[in-house]
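So the structure is just underneath, and the comments pick up after that.
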Amino acid sequence: MAKEIFSIYVCMRWAPSSEFVDVANMEIKTGQLPNTSTPFELYKNFRFIPIKGTKNVNVYGREKGLNQIHFDDFEEEMTALSKWYDHEKDGALAKRLEEITAAMKQDSNFNLEAGAEAFDLGAVAKAVNSCVNSTAPILAKHIRCLRRTASW
């Protein structure tokens with residue numbers, strides 16, 4: 001029985017996306033979080049932080065044949081996950097999260113809601129769709145600008 005439930009997953013701090021705001025508002029509504037703060041204020045004060053998690057990686061996953069061990073599959077999945085995180089550590093999402101964190105520390109009036117739009121897949125999709133005829137790259141810093149000019 002224990003073998004079937006033995007798994008591992010990795011979590012990391014995430015940005016206050018629209019999903020985070022929805023969850024935080026539900027927690028506020030049910031009294032689990034103070035109703036004197038907004039979700040963004042709770043994030044800024046490190047009172048309620050969203051996390052992203054990987055899928056569970058089962059240590060004892062699939063059926064094994066003769067002379068095969070479960071650890072080989074587990075090691076392969078964990079190595080792939082590690083390589084992905086290592087590759088993405090300097091990627092756009094990591095840089096944007098660093099920018100938001102630095103801006104919050106430097107400016108107490110930083111507009112976190114606007115800064116977090118780069119993590120909102122719906123906002124990004126709308127921004128991309130509004131630039132169908134453009135060949136210029138869309139950078140995270142352009143999301144707020146596009147929001148003002150797009151018809152959404």
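Annotation note: Cβ proximity below 7 Å between a residue of the stretch 109-135 that is over 14 Å from residue 93 (Cβ atoms) and polar (S, T, N, Q) and a residue that is at pLDDT below 80 and surrounded by fewer than 16 Cβ atoms within 10 Å (Cβ to Cβ) (sequence gap 6+ or interchain) occurs for 130/150. Whether any residue in the stretch 6-27 is within 18 Å of residue 115 (Cβ to Cβ), in a loop (DSSP other than H, G, I, E, B), among the polar types (S, T, N, Q) and under 19 Å from the mean Cα position of the chain (by Cα) is what I want to check. Yes: the stretch 6-27 contains one or more residues that are within 18 Å of residue 115 (Cβ to Cβ), in a loop (DSSP other than H, G, I, E, B), among the polar types (S, T, N, Q) and under 19 Å from the mean Cα position of the chain (by Cα).
The values are calculated or read from the model by the stated rules, or taken from the named source; none is laboratory data. Predicted model, so just to flag it, every value in this text is computed and none were measured. Here the Cβ is made from the backbone with ideal geometry for all residues, glycine too, and neighbour counts use every protein chain on show.
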